[in-house]
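The values are calculated or read from the model by the stated rules, or taken from the named source; none is laboratory data. It should be emphasised that the depicted structure is a prediction, and the values quoted were computed from it without experimental measurement. Please note: Cβ atoms are built from the backbone with ideal geometry, for glycine as well, and neighbour counts cover all protein chains shown.
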């Protein structure tokens with residue numbers, strides 16, 4: 001019988017004096033990364049084949065169709081490239097300050113950052129995440145509890161969602177997509193100890 005060592009977790013938690021910083025690397029699912037890489041190569045081949053027709057097209061209707069198709073194709077490719085880079089190099093950050101919580105998802109330091117007022121954060125808690133690339137199954141897609149949110153493709157890639165949850169006004173904010181529920185509980189507890197104004201509302 002083999003002894004299983006307790007997991008050390010994926011997040012890095014640093015107390016920087018004036019803030020508590022949590023850095024979480026994106027989940028790197030090898031099969032998902034390979035699929036995205038192949039999809040991007042297929043897109044490039046298709047776009048390369050389409051461009052000569054777009055340039056040489058004559059007639060208003062044909063030219064308009066090809067241009068519209070090219071735009072949609074490019075938007076799809078951009079989404080694929082973003083998901084690919086995120087899967088390989090993405091990092092999610094949670095920086096708790098005395099008055100604010102700063103949440104970011106970045107690649108090479110580039111990405112959206114959102115600032116939440118600590119005074120408006122309510123019921124900080126842990127909930128099971130939705131669709132995830134390392135937990136993909138028909139059960140996860142089809143067997144949802146009443147009232148549970150529908151899975152989103154961005155949750156699958158880790159670009160949204162996560163087990164760390166809090167209410168902010170009339171919205172529910174989800175983050176920490178790169179950690180499991182057990183590690184999310186550790187992070188939530190650390191937040192409550194570091195800033196008494198952010199008290200956990202209980203794990204679910």
Which strands (runs of 3 or more DSSP E) does the stretch 133-204 wholly contain that include 2 or more residues that are in contact with a strand residue (DSSP E or B) (Cβ under 8 Å, 6 or more places away or on another chain), buried (at least 21 other Cβ atoms within 10 Å of the Cβ) and modelled with pLDDT of 55 or more? 164-168
With the stretch 73-128 as the region, which strands (runs of 3 or more DSSP E) entirely inside it contain at least 2 residues that are buried (at least 16 other Cβ atoms within 10 Å of the Cβ)? 91-96, 100-106, 121-126
